[in-house]
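Colleague: Pasting in a structure now, in structure tokens, and then I'll have a few things to ask.
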Amino acid sequence: MPDDDEPPTGQQEPAAEHDEAGLDLARTIARSLAGAARRQPRRKPGTDRRPRPPRSSGAHPDDRDPQLLDSTIGRLIADQGWATDVRVHGVFAHWERMVGREVAAHCTPEAFSDGRLTVRTDSTAWATQMRLLAATVVRRLNEELGDGTVTVIDVRGPAGPTWKHGPRSVRGGRGPRDTYG
């Protein structure tokens, strides 16, 4: 008698069990996805179903509330490290109070960089006077701004006239200067 595992001679082997691991499985998955897509309603483009934070802050203030300009500017100045420059340029606005009316009428602060304050005068006499007053002005500015903020005052006299007018000029200067007499 033949074994149970072997088919009898002359007979065909029975069909093997169907294996869904192949092409039939892929078709089944595709059909199920197509059916699920038909059941879901279509959303408008750009809509999102993710949870969003509330737009209002609620009963207590937080960073999303409108902020006062003073606190916002103060935070910006602190974050950027501009505190010293802002204080020094604030002194520019109060220059007359710092040095007196007569000195302020003839001397104007122009720039501040690395502890050096540049002051422009309207005459050479006032430039000399400002050089004599420089130590007193530095002390007074440091009392107002903090010790060591201003270290040197660079005094500049009046700027000479420029002879360059227009887009074209001679490189060598004004020429022989024979037109003055």
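The values are calculated or read from the model by the stated rules, or taken from the named source; none is laboratory data. Predicted model, so just to flag it, every value in this text is computed and none were measured. We place every Cβ from the backbone using ideal geometry, glycine too, and count neighbours over all the protein chains shown.
Colleague: Determine if segment 111-128 includes at least one residue that is part of a loop (DSSP other than H, G, I, E, B), out of contact with any strand residue (DSSP E or B) (no Cβ under 9 Å at 6 or more places or on another chain) and hydrophobic (A, V, I, L, M, F, W, C).
Modeller: No, segment 111-128 contains no residue that is part of a loop (DSSP other than H, G, I, E, B), out of contact with any strand residue (DSSP E or B) (no Cβ under 9 Å at 6 or more places or on another chain) and hydrophobic (A, V, I, L, M, F, W, C).
Colleague: Restricting to segment 104-120, what's the tally of residues that are surrounded by fewer than 13 Cβ atoms within 10 Å (Cβ to Cβ) and free of Cβ contacts under 8 Å to residues at least 40 places away in the same chain?
Modeller: Result for segment 104-120: 4.
Colleague: Taking Val155, is it within 17 Å of Ala105 (Cα to Cα), surrounded by 12 or more Cβ atoms within 10 Å (Cβ to Cβ) and of a type in the set (Val, Ile, Thr)? Outline the logic, then answer.
Modeller: Values: within 17 Å of Ala105 (Cα to Cα): yes; surrounded by 12 or more Cβ atoms within 10 Å (Cβ to Cβ): yes; of a type in the set (Val, Ile, Thr): yes.
Yes; evaluated as a whole, the condition is true for this residue.
Colleague: Give segment 77-101 a look and list any residue that's without any contact (Cβ under 8 Å) to a residue 24 or more places away in the chain, in a helix (DSSP H, G or I), closer than 24 Å to Asp147 by Cα and not acidic (Asp, Glu), or say none.
Modeller: Within segment 77-101, the subset without any contact (Cβ under 8 Å) to a residue 24 or more places away in the chain is 77-83, 86, 89-90, 92-97, 100-101.
If we keep only those that are in a helix (DSSP H, G or I) as well, we get 77-80, 83, 86, 89-90, 92-93, 95-97, 101.
Adding the requirement that they be closer than 24 Å to Asp147 by Cα leaves 77-80, 83, 86, 89-90, 92-93, 95-97.
Across segment 77-101, the qualifying residues are Ile77, Ala78, Gln80, Ala83, Val86, His89, Gly90, Phe92, Ala93, Trp95, Arg97.
Colleague: In segment 121-135, what count of residues is obtained for those that are more than 26 Å from Asp147 (Cβ to Cβ) and either touching a His at 6+ places or on another chain (Cβ under 7 Å) or touching a residue at least 12 places away in the same chain (Cβ under 8 Å) (or both)? Step through it out loud before you land on a result.
Modeller: From segment 121-135, those more than 26 Å from Asp147 (Cβ to Cβ) are 121-128; that's our starting set.
After this cut, where a residue has to be either touching a His at 6+ places or on another chain (Cβ under 7 Å) or touching a residue at least 12 places away in the same chain (Cβ under 8 Å) (or both) as well, the list is 121-124, 126-127.
Within segment 121-135, residues that are more than 26 Å from Asp147 (Cβ to Cβ) and either touching a His at 6+ places or on another chain (Cβ under 7 Å) or touching a residue at least 12 places away in the same chain (Cβ under 8 Å) (or both) number 6.
Colleague: What residue, among those in segment 89-121 that are of a type in the set (Lys, Arg) and within 16 Å of Arg156 (Cα to Cα), is modelled with the highest pLDDT?
Modeller: Here the residue is Arg120.
Colleague: Criterion first (of a type in the set (Gly, Ala, Ser), modelled with pLDDT of 75 or more and surrounded by 10 or more Cβ atoms within 10 Å (Cβ to Cβ)) does Ala59 satisfy it?
Modeller: no
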